[in-house]
Amino acid sequence: MPELPEVETIRRELRPEIINKRIIGCRVLRKDIIGYPNADRFCKGVINETIIDVQRRAKYLIVRLTSDKSLIFHLRLSGRIFVLNNQKGLKLNGERVIRFEDGGDEEVRFVRLILELEGRSLIFSEPRALGRVYLLKNGERPGCLSGFFKLGYEPISPEFDFNYFKERLKNRKAMIKSILLDQSICAGVGNIYSDEALFHSNIRPTRRASSLKTEEVFKLLIALKDVINKGIEEFGTTVSDYKRTNGRTGNFQNFLYVYGREGKLCKVCGSKIVLKKIGNRATRYCPKCQR
């Protein structure tokens, strides 16, 4: 968390706010938040660069700069990005809290990086300090970003079709839930949307991937695309830390059938939703609806 729909929501909201803005200042409040190069070189490398586009790849947010450079944000579990108008009294308190001075009393805590733009600031906060920001020149492939360069297709991409999906599941003994979380196969999918897709396709997450019949593979493919597109339409899922760039929550949590509902009754059959660990990842499913 955040997964593909949450990062796509951030991208869509962030782009019109920062496109064509020049970076005039950089403050790193926690140096280990910079994954590449180091904090000093990072700041020197972004100053006077202009933002020319905001893109997304799976769970990564990509901010394209002039001089053939890119900022890559990996939000991990709890990273958040905000844009604040400098004219509204931006204040840094202590080094970790930014206060909105526009009549409200809201605070952004655990601020790790501030990029000062023309007229506004881009804020990266991360309570757990697990998220990372990278500055790359075109052609650079640092080892710390190896996972980024090994990403497979995203379920909502045209390339992620029945033949691609079926081929990736063939002869695989791993549980289907683990396959869905494999970023080299299903880029951008995490716990929320894998659990929901498996529910809507009536497939138990503990089944071996190779055991799925042709019609089940097709049903799961459609369910994956549907839940991710619905997640984007509803601005993502807020069940913990995720918030949009304007501080509002997503809406997809109102449409969840199994994720976060362990012990509650299934909305379809009335059975209790089960919580089980698969590969150290919490998984929820309905023991009756999913076979």
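Every number in this text was worked out from the coordinates using simple rules, so none of it is lab data. Just so it is clear, the structure is predicted and the values come from calculations on it, not from any experiment. With ideal geometry, Cβ positions are generated from the backbone for all residues, glycine too; neighbour counts draw on all protein chains shown.
Computed 3J(HN,Hα) for region 137-154, one whole-Hz value per residue from the Karplus formula 6.51 cos²θ - 1.76 cosθ + 1.60 where θ = phi - 60°, is 8, 3, x, 6, 9, x, x, 5, 10, 4, x, 5, 7, 9, 4, x, 6, 8, glycine and proline marked x.
Electrostatic tally near residue 191: other residues with Cβ closer than 10 Å to its Cβ, Lys and Arg +1, Asp and Glu -1, net 0. Span-like helix check, the chain: no full DSSP H segment qualifies, none having both a Cα axial length of 27 Å or more and a mean Kyte-Doolittle of 1.6 or more. Computed over the chain, the convex hull of the alpha-carbon atoms projects to a mean area of 15.8 nm². Shown in residue order for region 122-135 are the 3J(HN,Hα) couplings computed by the Karplus curve 6.51 cos²θ - 1.76 cosθ + 1.60 at θ = phi - 60°: 9, 10, 10, 10, 7, x, 8, 6, 9, x, 9, 10, 10, 10 Hz (x for Gly and Pro). Expressed in Å, the radius of gyration and Dmax of the Cα atoms of region 162-285 are 14.4, 45.
Across region 275-290, computed HN-Hα scalar couplings (Karplus, 6.51 cos²θ - 1.76 cosθ + 1.60, θ = phi - 60°) run 10, 9, 8, 10, x, 6, 10, 5, 9, 10, 7, 9, x, 9, 6, 10 Hz from first to last residue, x flagging Gly and Pro.
Per DSSP H run of at least 4 residues, take -39500 (n - 2.57); add these up for the chain, divide by its residues and hand me the 222 nm value, nearest 500 deg cm²/dmol. Mean residue ellipticity, 222 nm, calculated: -7000 deg cm²/dmol.
Tell me, what is the FRET efficiency for residue 15 and residue 277 to the nearest 0.05, using R0 = 30 angstrom and their Cβ-Cβ distance as r? Show your work: numbers first, answer last.
On the way: r = 38 Å, r/R0 = 1.26.
In this case the efficiency is close to 0.20.
My understanding is that a pair violates if its Cα-Cα distance is over 31 Å; which of 137/177; 137/225; 69/243; 137/277; 170/243 do that in this structure?
Values: 137/177 35 Å; 137/225 33 Å; 69/243 27 Å; 137/277 40 Å; 170/243 37 Å.
The pairs that break the limit, which is 31 Å between Cα atoms, are 137/177; 137/225; 137/277; 170/243.
Proximity of backbone amide H atoms, modeled 1.01 Å from N, is registered between residue 278 and 283 at under 5 Å, excluding neighbours fewer than 5 places apart on the same chain. Relative to the Cα centre, the charge distribution of the chain, modelled as +1 at Lys and Arg Cβ and -1 at Asp and Glu Cβ, gives a dipole magnitude of about 1160 debye.
For the chain, the share of DSSP beta bridges that are antiparallel, to the nearest 5, is 95%. Residues whose amide H lies under 5 Å from that of residue 65, counting only those 5 or more places away or on a different chain, are 52, 70, 71; hydrogens are built 1.01 Å from N in the peptide plane.
Excluding residue 271 itself, calculate the net charge of residues whose Cβ lies under 11 Å from the Cβ of residue 271, where each Lys or Arg counts +1 and each Asp or Glu counts -1. Result for the neighbourhood of residue 271: +4.
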